[in-house]
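Computed from the coordinates by the stated procedures, all read-outs in this text should not be read as laboratory data. Computed from a predicted model, the values in this text were never measured in an experiment. Here the Cβ positions follow ideal geometry from the backbone for every residue, glycine too, while neighbour counts run over all protein chains shown.
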Amino acid sequence: MKKQSFTFSSATVDYYFDAAFDQLQKLVSIDRAIILTDENIFAKHKKNFKGWQTIVIPGGEAHKNQSTVDNIIQKLIELGADRKTTLIGVGGGVITDITGYVAGVYMRGLSFGFVPTSILAMVDAAIGGKNGIDVGLYKNMVGLIRQPSFLLYDYALLKTLPKQEWVNGFAEVIKHAAIKDAALFKMLEESKLSDYQKDPATVAKLIQRNALLKTKVVLNDEFEHGERKLLNFGHTVGHAIENLYNIPHGHAISIGMGVACSISEKTVGFKDTARVLQLLKRYGLPPQFDFDKEKAIEMLQKDKKKAGKGIDYIVLKKIGKAEIQTLSMEALVALINEN
Ligand SMILES: NC(=O)c1ccc[n+]([C@@H]2O[C@H](COP(=O)([O-])OP(=O)(O)OC[C@H]3O[C@@H](n4cnc5c(N)ncnc54)[C@H](O)[C@@H]3O)[C@@H](O)[C@H]2O)c1
Ligand SMILES: [Zn+2]
């Protein structure tokens, strides 16, 4: 188990790469911890949960809402959770987001940690301290920024991850490469999904590289005044499409990245749209989709990222280099319509 620690504004987070689930016992005392997980993960990894007090919720984005949170809080009360309890989220991004949120509000704050189980959670959702829930169609409308105490990476958990979820997670990997890491982009172009699925050492390296990439961005700008916004590449239109068509997050942001590339061409002269679309396709992601522009625009006008003066839209200057373009809503609407 390899430990690396990073200090954010409010807390230091210990990352345990190359760890095993069993080692959780070394990080928290089993009688002071409660695990939160979903039914899929619980069913596939029952042995891991033996001896741990565990709250199991139904899987999927549809349950990332206040009513699930209320049920969890009720269970925490029944289990006698108090301020000394550590809440551990074992799951994908839905579980890590809910865990961080519940831990932030229950008794005004418990300490918490994550064992991410999906590629998406390992490279993205578990990192950075953003957590929260959806409200109706609006993603991540309610939440807070608060860092976990630890992240434990056990790549063996990925053995049961459905192929579709591998694909989903690679959308964020490709995003990271596109905005910050041209060498990673090239590496991805030269390999394919099954290379990573087959080889634990390769996927371990990929996950660490991506986890550290995101961590560095968050360390520079935890509260998203500048650099952290780059991580929203593909997410402005992506979120709107995700909500409207109820498609997986990775697919939605893949389409969002496609739109963002063509907007990048028009605004900053980006020249490599074809390469980005090709790479998304290579990893089973949809680069384009004939979505209802009017509805998507209506949706994104209500997006929380809308600033008073305009939208901080993320464009690519070149592969590995993103920048913020502050566009008026009218300009963005025109660009989307031209697309
Ligand atoms: N907080 C952040 O910074 C941040 C960043 C990116 C995404 N997110 C959030 O993350 C969520 C998406 O994450 P996700 O794709 O991991 O979703 P998820 O948690 O719904 O997991 C996807 C599916 O895979 C299953 N699963 C996960 N790990 C498994 C495993 N090891 N074996 C078998 N099945 C497994 C889950 O049960 C679920 O059905 C969204 O809600 C998104 O808003 C948050
Ligand atoms: Zn995302």
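Would you mind putting 319-326, 13-20, 164-171 in packing order, based on average other-beta-carbon counts within 10 Å, highest first?
On the way: 319-326: 17.4, 13-20: 19.1, 164-171: 22.9.
Listed from highest to lowest mean packing, they are 164-171, 13-20, 319-326.
Roughly how compact is segment 202-339, stated as its Cα Rg over 2.2 N^0.38 Å to two decimals?
On the way: Rg = 14.8 Å, N = 138, 2.2 N^0.38 = 14.3 Å.
Taking the Cα Rg and dividing by 2.2 N^0.38 Å, one obtains 1.03.
Please report the Cα spread of the chain along all three principal axes, rounded to whole Å, starting with the longest.
So the extents along the principal axes, rounded to whole Å, are 58, 41, 34.
Where both residues lie in the chain, what percent of DSSP beta bridges are antiparallel, nearest 5? Kindly include the intermediate steps, with their values, before the conclusion.
Working: 19 of 40 bridges.
The antiparallel proportion sits near 50 percent.
Enumerate the aspartates and glutamates that Lys47 could reach by cross-link, defined here as Cα to Cα under 12 Å, with residues fewer than 8 away along the same chain left out.
Partners found: Asp22.
Treating each Cα of segment 154-228 as an identical point scatterer and ignoring solvent, apply the Debye formula and state log10 I(q)/I(0) at q = 0.13, 0.28 Å⁻¹.
-0.42, -1.40
For segment 1-91, what is the per residue volume of the convex hull drawn over the alpha-carbon atoms, in cubic angstrom? Can you show the working numbers first?
Numbers: hull volume 11.6 nm³, N = 91.
Convex hull volume per residue, Cα atoms: 128 Å³.
Name all residues of segment 63-95 having a backbone nitrogen under 20 Å from the label point set 7 Å from the Cα of Met107 along its Cα→Cβ direction, giving them as ranges.
Flagged as within label range: 69-90.
Sum -39500 (n - 2.57) across every DSSP H segment of at least 4 residues in the chain, then divide by the residue count to get the 222 nm mean residue ellipticity, nearest 500.
On the way: 14 runs with 153 residues, N = 339.
Computed ellipticity for the chain at 222 nm equals -13500 deg cm²/dmol.
Subtract the Cα-Cα distance of Ala182 and Lys50 from 0.36 nm times their separation in residues, and report this length gain in nm to one decimal.
Details: separation 132, 0.36 × 132 = 47.52 nm, distance 4.30 nm.
So the chain would gain 43.2 nm between Ala182 and Lys50.
Could you tell me what fraction of 2.2 N^0.38 Å the Cα radius of gyration of segment 179-277 comes to, as a two-decimal ratio? If you can, show how the numbers build up before the last one.
Details: Rg = 15.0 Å, N = 99, 2.2 N^0.38 = 12.6 Å.
Normalised by 2.2 N^0.38 Å, the Cα Rg of segment 179-277 equals 1.19.
Using C-alpha positions alone, give me the convex hull volume of segment 40-181 per residue in cubic angstrom.
Working: hull volume 16.9 nm³, N = 142.
So the per-residue hull volume is 119 Å³.
Reachable aspartates and glutamates from Lys318, Cα under 17 Å, same-chain residues fewer than 8 places away excluded?
Asp181, Glu189, Glu227, Glu265, Asp272
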